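Report on one structure; see the data block that follows.
The values are calculated or read from the model by the stated rules, or taken from the named source; none is laboratory data. Please read all numbers here as calculations on a predicted model, not as lab measurements. As a convention, Cβ positions derive from the backbone with ideal geometry for all residues, glycine included, and neighbour counts pool all protein chains shown. Accessible surface areas use protein heavy atoms only, side chains included; no ligands, DNA or RNA. Shrake-Rupley method; radii C 1.70, N 1.55, O 1.52, S 1.80 Å.
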Amino acid sequence: MKASSPSTPQGRKAGLLPLLCALALGWSGLAWASPASPTPCAEQPYTLETPEGLAGGGNLEFDGDLAIFSDGACLQTQGLSLRAPELRYDQASGELTAPQIEVETPRYRFWAEAGQVKGRVLQARGIRITTCRCGDDLRLISEHLSFDTQSGEVILQESRLEAYQLGLAQFEALRLNANRPLGESLGLDTLAFPLRFDFDQGLNLGLVDFPLLDAEGRFSTRLTLLGLQLWGPEPTLRLGVSGQAPGRRARIEFDLKQSGPASRGEVVADPVFFLHDSTLGRHAFGLRHSFTLGGLSLRPYAWVAQDLSNGVSAGLAAGAELRYNLEVQEGPFRFRLEPFGVLGFYNQPQQYLAYGGYAEGRYEGAFALRLGYTWAIESTPGHFWLERREATQALSGSFSYQNIQLEATHNFLLDQTQASLRLGYPQSYGEIWAQLNTCWNCVGKTLSNGRDDWERRELVLGFTPVPLSCTYDLSLTPFLGYDFLRQGVSRWGLELRYADCCFIWRLGYQEVRIAQHPDEIPNGKLTFGLEIR
């Protein structure tokens with residue numbers, strides 16, 4: 001046990017951004033840390049090393065084997081920082097108990113009516129846990145918590161998830177990791193809110209991949225209920241459901257629109273699969289599986305399929321694909337070679353043979369350089385999209401040094417070259433950048449003057465601010481594109497981001513004025529997004 005006087009932090013220079021953050025947090029009266037910036041546990045006047053961690057407080061009393069800390073009682077151990085009005089340590093049993101505790105981990109804050117720590121495990125009841133920087137508008141309410149401070153595993157019993165006091169889900173037993181994001185612990189791929197709200201040739205509104213709770217307390221099933229192009233040229237109602245489990249996945253979508261219903265789906269339970277897309281007229285049911293031995297992989301297949309997008313083709317196909325992956329690395333140099341061959345047979349007197357590969361060399365040192373070549377040769381066109389390996393001969397490369405990035409691709413069969421050059425100028429508040437996109441001999445629709453519509457000479461200027469770190473902070477992300485061939489503004493956009501205690505709100509507008517490739521349609525688009533901080 002030691003006694004010491006609280007130390008006074010030395011003054012230091014601070015940049016404008018940290019100062020603004022401090023002012024914002026001070027104005028709100030709520031911060032990520034506990035109110036009034038409590039003294040670190042190691043700097044408390046009285047501290048005691050225990051098997052559970054460092055205990056401390058402004059006052060220490062003994063009642064036999066019982067050490068009672070008060071006046072800022074705290075516990076500092078691996079994975080958490082605990083504070084309470086009073087902390088009791090039983091030196092005989094090695095157990096710490098405290099009422100009204102507040103705990104901080106790298107990702108979470110939580111409060112509990114009472115808790116005890118023994119064997120590096122925190123047990124608590126009456127839990128409120130949040131990822132918010134301040135407040136708890138997004139929170140988990142639980143009856144009981146078990147927290148293994150060494151592994152970071154948290155188990156919540158009889159809990160529910162709330163946002164703005166609105167119940168979203170209930171769990172019998174929910175497992176979290178104190179060092180990982182909430183979305184990852186819940187089985188979500190991203191922290192983006194599954195609500196779509198934008199305007200693109202009509203209003204798009206609804207839920208996209210909304211997570212549904214399964215029996216094990218994870219969101220492995222997703223629901224889509226979306227209205228597309230409402231009050232637009234062709235309003236569409238999309239219904240979809242998807243699910244995933246080890247070795248299995250499924251996704252089905254239905255579109256209801258004026259031109260007629262459409263559907264698409266995929267069901268895979270290795271090695272069996274079923275695919276269909278009514279818009280493209282593609283349907284397939286069959287078997288495929290991969291066998292690997294070192295860098296060699298063999299993938300036999302067999303299916304019955306129909307492909308109306310490639311003429312009227314329907315029937316049986318069977319065959320195999322053989323690949324070999326060779327990778328060699330020596331210091332900053334890497335080389336990869338992956339040749340392949342596909343042999344297929346149909347229920348017609350025709351066979352399919354395709355062969356080719358990919359070769360790539362890389363250097364990653366003071367600068368990064370990549371050079372790759374892709375080739376594929378088909379003896380005859382394949383019947384179905386599943387076994388086809390489109391004929392191609394393309395050389396691609398990239399170069400990057402500090403804030404300079406260059407990428408280029410040349411397609412020998414089309415005699416077509418595409419390239420982009422990006423220059424960045426990073427600052428403490430963000431990056432100012434310029435990107436030049438070019439394409440030579442990109443054949444597409446033709447303008448009245450005879451020039452190819454998709455020939456590209458476009459310069460895009462933009463600014464990307466640093467990620468929001470303050471609460472109640474704003475940022476703007478603008479960009480502007482200019483087409484030198486048509487001599488006009490090709491695109492422009494602006495996104496506003498606002499960070500509150502729990503979420504980052506995004507509102508943006510993008511407009512394409514001069515299309516640069518066949519997939520683009522000159523049109524304006526209003527977007528709205530929400531992310532968990």
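Miscellaneous remarks
- Couplings 3J(HN,Hα) for segment 374-382, derived from phi with the Karplus relation 6.51 cos²θ - 1.76 cosθ + 1.60 (θ = phi - 60°), are 10, 9, 8, 10, 10, 6, 9, x, x Hz, where x marks Gly and Pro.
- Carbon-plus-sulfur accessible fraction, segment 396-533 (probe radius 1.4 Å, protein heavy atoms only): 60%.
- Label zone (A366, point 7 Å along Cα-to-C-beta; backbone nitrogen cut-off 17 Å) within segment 387-415: 399-404.
- With all pairs of different C-alpha atoms in the average, the Kirkwood value for the hydrodynamic radius of the chain is 28.9 Å.
- In this rough spin-label picture, where each label sits 7 Å from Cα along the Cβ direction, the A245-A302 distance is 2.6 nm.
- Cα gyration tensor category, rounded, prolate or oblate, for segment 447-533 with a/c compared to 1.5: prolate
- Over the chain, relative contact order from alpha-carbon pairs under 8 Å, at least 6 apart, %: 6 percent
- Lys, Arg +1 and Asp, Glu -1 on Cβ, resulting dipole of segment 329-399 about Cα centre, debye, nearest 20: 80 debye
- In this simple spin-label approximation, E184 and A163 carry label points 7 Å from Cα along the Cα→Cβ vector, and these lie 2.1 nm apart.
- Share of Cα-Cα pairs in segment 262-384 lying beyond 26 Å, as whole percent: 38 percent
- Whole-number accessible area per residue in Å² for segment 383-533, which is evaluated in the context of all protein chains at 1.4 Å: 54 Å²
- FRET efficiency estimate (nearest 0.05) - Cβ-Cβ, F345 to L54, R0 60 angstrom: 0.25
- Per residue, segment 246-298 exposes 64 Å² of accessible surface when a 1.4 Å probe is rolled over the protein heavy atoms with every protein chain present.
- With Cα atoms, 0 to 90° folded angle of helix 16-28 axis to the chain main axis: 60 degrees
- Calculated [θ] (222 nm, deg cm²/dmol) that DSSP helices of n ≥ 4 give over the chain, each run adding -39,500 (n - 2.57): -1000 deg cm²/dmol
- Segment 220-274 shape via C-alpha gyration tensor axes, a/c threshold 1.5: oblate
- Gained length - E104 relative to K257, 0.36 nm times residue gap less alpha-carbon distance: 50.0 nm
- Environment charge at D65 (Cβ cut-off 13 Å; Lys +1, Arg +1, Asp -1, Glu -1): -3
- Along the chain, longest interval not containing exposed GluC sites (Glu not before Pro), exposed being DSSP loop plus at most 14 other Cβ atoms within 10 Å: 1-215
- Net charge contributed by nearby residues that have their C-beta within less than 10 Å of G382 (K/R +1, D/E -1): -2
- Taking Cα centre as origin and charging only the Cβ of basic (Lys, Arg, +1) and acidic (Asp, Glu, -1) residues, the dipole magnitude of segment 383-440 rounds to 20 debye.
- Estimated vicinal HN-Hα couplings, Hz - segment 266-280 in sequence order (Karplus 6.51, -1.76, 1.60; Gly, Pro = x): 8, 10, 10, 9, 2, x, 8, 8, 9, 10, 7, 8, 5, 5, 8
- Total formal charge among the other residues, if their Cβ is under 13 angstrom from that of P233, Lys/Arg +1 and Asp/Glu -1: -1
- Furthest towards positive pole of dipole, L60, G311, L386, structure part the chain, Cβ charges: G311
- Distance (nanometres) between label positions extended 7 Å along Cα→Cβ at E330 and H144: 6.2 nm
- Stretching the chain fully between L237 and S379 yields a gain of 46.8 nm (0.36 nm per residue, less the alpha carbon separation).
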